[in-house]
Amino acid sequence: MSTLFLRTLREDPSDAEVASHRLLVRGGYIRRAAPGGYTWLPLGWIVYRNVERIVREEMDAAGFQEVHFPALLPREAYEATNRWTEYGDNLFRLQDRRGNDFLLAPTHEEMFTLLVKDLYSSYKDLPLHIYQIQTKYRDEARPRAGLLRGREFVMKDSYSFDIDDDGLRRSYEQHRQAYIKTFERLKLPFVIVSAVSGAMGGSASEEFLAPIDVGEDTFVRCTTCDYAANTEAVQVRPPAAIELDGLMPARVEDTPDTPTIQTLVDLMNGRDDLRHPARDWTAADTLKNVVVKLKHPDGTFEPLAIGVPGDREVDLKRVEAQLGPAEVVAFEAEDFAKNPALVKGYIGPGALGENNSTGIRYLVDPRVVSGSAWITGADQPGRHVMHLTMGRDFTPDGLIEAAEIHHGDPCPKCASALQIARGIEIGHIFQLGRRYAAALGLTVLDQNGKSQVVTMGSYGIGVSRAVASIAETVVDDKGLCWPREISPADVHIVITGKPTDPTFAASEELAASLEAAGLRILLDDRKGVSPGIKFNDAELLGVPTIVVVGKGLANGTIEVKDRKSGDRVDVAVDEIVAHLVEVCRS
RNA sequence: CGGGGUGUAGCGCAGCUUGGUAGCGUGCCACGUUCGGGACGUGGAGGUCGCAGGUUCGAAUCCUGUCACCCCGACCA
């Protein structure tokens, strides 16, 4: 370490909030170089390459073949799939000296598809699995949390090519298994959740989430069965439809000063003419209607109304996940001004839907089933309508999973309670289907000599993000604690005593012997650095085994300390090499 | 996109209200002492005060713009 390009920091960097970011910077693993861009320092680069190596080995072991594309790509290919537009502001665009458009690739579906089209034309060549480990660029609105969300990051992306749907399912399953092995080897805890496909398109997709609170994804897990899903992808269980015969007729009531659900419920429970015959009204008896605007990739706006039970908020991420690539933006005062039929605070189904006065598309939560009756806005200030019944008094234009998911909501599969947690997306696997192959004309001849569009899968692992995710899972109050296969070294040797003490010579000899035995050594041979600093740095850096050569040497012993447990043992000098080899192997 | 906060030496910060030779701690360099849990003494190096304009005899400080970072919010009927 006396010559290692490393400087640890005594204090936390002020711009780092999350543990991995703080400790990777403090430990001299990374330095911020640009908004959302980080430089890897020697120890960090060793860690990074260890993670990359594991990913590569697992991909190779699964029989996938590695290729490598440029990150700088011409606009053309992305035009064919419309992603030049759909990717929106997140795409880094640039021009060459002649004014031709280029982009820094956020992912490489198009290029892989074109490459296969270039070389293959027969079903006999399929299935094919190819991958690359590449730097990706996404112009994130808000890079954050160090390596967890950068604008430049490394992703392993694979693509599978099959002649038919069964083949795609097999390829998908192969990747899924390879990912399970990869994350197990990386010692990253993960949950596989159902997901939505977003800008990537395609049908089935699952995410690998590391369950960590600083993660940006929210997912649900069933407390009883194996159901798990990103909240964006949860499909609620709708109640059974109710017979329309004999239901109360709708009636409009004056409900002055009830701009919110709570004031409305309170007013109705407090008035004899409005009270529920058997119980109190609750927010869940109301239907609230939220108006938003969809911003389409071509820049046009479309108003959209969403109806959800009044005890739930609209979860914009869920809405966006289903309506992508359109973005959801706020419906503003000027939009209300343009639509006088929308009475803020008292919007009801009467004004909504394509057959009604505003013509605004109206989608409702699946809980709004035929025959369900609601208290909702009457489209006049200070008035609400009760017993407004779905399928009799109003008909929306469709359903949407828009309501936020609550802790304890019923599992769609088994109806037990769901629990909500946060996670970091470390992998995502998609059955893309034929979207890209069709757009780019990737076809092969089948057994009958007929041209068939190839079906594809795409599969990603965030390699640089995995480094940060692993760091997140191994921190304690002293610093990091790497899994051995990822650690920058197997053994961190701390020398105490004066530079002239025998501890120095003995340590160098020990380091040489251990290296000869195949172990990776980090030797803290800094002179004139006090022992306290060396101990603290060793704990900060997080090499799994710390060896202290010091006082004990006079009695023929060397201390071996396990970074994670803190357990220490004194080992005789003549047994130390064998002991450490044993420790590092197990 | 909106609101708030911050930007001064590698790192953590003060100075700004009330304009007048840029400071503290830590880290770094030299020498000496110390040497198992962030030692001590003496002497030193290191900063276009985020950037660009403006006001002024004079700007880290006042004004305008801009960039970056951190936090919160984004529809609440």
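The values are calculated or read from the model by the stated rules, or taken from the named source; none is laboratory data. Source: prediction; values computed, not measured. As a convention, Cβ positions derive from the backbone with ideal geometry for all residues, glycine included, and neighbour counts pool all protein chains shown.
See the values below:
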read-out: Number of positions in segment A:276-299 that are at pLDDT below 80 and either polar (S, T, N, Q) or more than 34 Å from the chain's Cα centre (by Cα) (or both); value: 2
read-out: Leading residue by the ranking (farthest from residue A:427 (Cα to Cα)) among those in segment A:26-58 that are in contact with a Lys or Arg (Cβ under 7 Å, 6 or more places away or on another chain) and crowded, with 17+ Cβ neighbours inside 10 Å; value: A:28
read-out: Any hit, segment A:59-69, residues being aliphatic (A, V, I, L, M), away from RNA strand B (no atom under 11 Å from the Cβ), buried (at least 19 other Cβ atoms within 10 Å of the Cβ) and farther than 29 Å from residue A:431 by Cα; value: no
read-out: Residue in segment A:209-263 that is farthest from residue A:343 (Cα to Cα), counting only those that are part of a strand (DSSP E or B), of a type in the set (A, V, I, L, M, F, W, C) and under 24 Å from the mean Cα position of the chain (by Cα); value: A:210
read-out: Single match in A:101, A:165 (criterion: modelled with pLDDT under 90, more than 25 Å from residue A:471 (Cα to Cα) and surrounded by fewer than 16 Cβ atoms within 10 Å (Cβ to Cβ)); value: A:101
read-out: Residues being in a loop (DSSP other than H, G, I, E, B) and more than 16 Å from RNA strand B (Cβ to nearest atom) - total across segment A:136-183; value: 2
read-out: Any hit, segment A:16-39, residues being in a helix (DSSP H, G or I), within 16 Å of RNA strand B (Cβ to nearest atom) and more than 26 Å from residue A:491 (Cβ to Cβ); value: yes
read-out: Count - residues of segment A:259-303 that are in contact with a helix residue (DSSP H, G or I) (Cβ under 8 Å, 6 or more places away or on another chain), within 15 Å of RNA strand B (Cβ to nearest atom) and among the aliphatic types (A, V, I, L, M); value: 7
read-out: Lone unmet requirement of (1) within 16 Å of RNA strand B (Cβ to nearest atom); (2) of a type in the set (S, T, N, Q); (3) assigned to a loop (DSSP other than H, G, I, E, B) for residue A:487; value: (1)
read-out: Residues within segment A:71-110 that are outside any strand (DSSP E or B) and either among the charged types (D, E, K, R) or more than 25 Å from the chain's Cα centre (by Cα) (or both), tallied; value: 15
read-out: Search result, residues across segment A:391-434 that are touching a strand residue (DSSP E or B) at 6+ places or on another chain (Cβ under 8 Å), charged (D, E, K, R) and under 30 Å from residue A:170 (Cα atoms); value: A:413, A:422, A:425, A:434
read-out: Restricting segment A:394-408 to residues that are surrounded by fewer than 19 Cβ atoms within 10 Å (Cβ to Cβ) and touching a residue at least 40 places away in the same chain (Cβ under 8 Å), the residue that is nearest to the chain's Cα centre (by Cα); value: A:404
read-out: Within segment A:268-317, considering residues that are part of a helix (DSSP H, G or I) and of a type in the set (A, V, I, L, M, F, W, C), the one nearest to residue A:383 (Cα to Cα); value: A:268
read-out: Index of the failed condition, residue A:89 passing every other in (1) surrounded by 13 or more Cβ atoms within 10 Å (Cβ to Cβ); (2) within 30 Å of residue A:442 (Cα to Cα); (3) within 16 Å of RNA strand B (Cβ to nearest atom); (4) not small (Gly, Ala, Ser); value: (1)
read-out: Residues of segment A:537-546 that turn out to be within 11 Å of RNA strand B (Cβ to nearest atom), modelled with pLDDT under 95 and either small (Gly, Ala, Ser) or more than 17 Å from residue A:20 (Cβ to Cβ) (or both), as a count; value: 2
read-out: Residue within segment A:447-469 that is touching a residue at least 24 places away in the same chain (Cβ under 8 Å), of a type outside the set (Ser, Thr, Tyr) and surrounded by fewer than 16 Cβ atoms within 10 Å (Cβ to Cβ) present; value: yes
read-out: Pair list, Cβ under 9 Å, 6 or more apart: segment A:416-434 residue closer than 23 Å to residue A:225 by Cβ and surrounded by fewer than 17 Cβ atoms within 10 Å (Cβ to Cβ), other residue modelled with pLDDT under 85 and charged (D, E, K, R); value: A:417/A:409; A:420/A:409; A:422/A:213; A:422/A:216; A:422/A:217
read-out: Residue within segment A:177-184 that is within 15 Å of the chain's Cα centre (by Cα) and among the acidic types (Asp, Glu) present; value: no
read-out: Where a residue in segment A:255-268 is in contact (Cβ under 8 Å) with a residue 12 or more places away in the chain and its partner, wherever it lies, is more than 12 Å from RNA strand B (Cβ to nearest atom) and polar (S, T, N, Q), with Cβ under 8 Å and at least six apart; value: A:265/A:282
read-out: Residue A:497 vs. criteria within 7 Å of RNA strand B (Cβ to nearest atom) and touching a helix residue (DSSP H, G or I) at 6+ places or on another chain (Cβ under 8 Å); value: yes
read-out: Only one of A:109, A:79, A:140 that is acidic (Asp, Glu) and closer than 22 Å to residue A:33 by Cβ; value: A:140
read-out: Residue under evaluation residue A:148, criteria (1) over 30 Å from residue A:31 (Cα atoms); (2) modelled with pLDDT of 85 or more; (3) not small (Gly, Ala, Ser), criterion not met; value: (1)
read-out: Matching residues, segment A:550-560, being part of a strand (DSSP E or B) and either more than 7 Å from RNA strand B (Cβ to nearest atom) or farther than 21 Å from residue A:489 by Cβ (or both); value: A:557, A:558, A:560
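Matching residues to (1) within 37 Å of the chain's Cα centre (by Cα); (2) within 21 Å of residue A:50 (Cα to Cα); (3) at pLDDT 95 or above; (4) not in a loop (DSSP other than H, G, I, E, B):
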| residue | (1), (2), (3), (4) |
| --- | --- |
| A:507 | no, no, no, yes |
| A:510 | no, no, no, yes |
| A:527 | no, no, no, no |
| A:569 | no, no, no, yes |
| A:584 | yes, yes, no, yes |
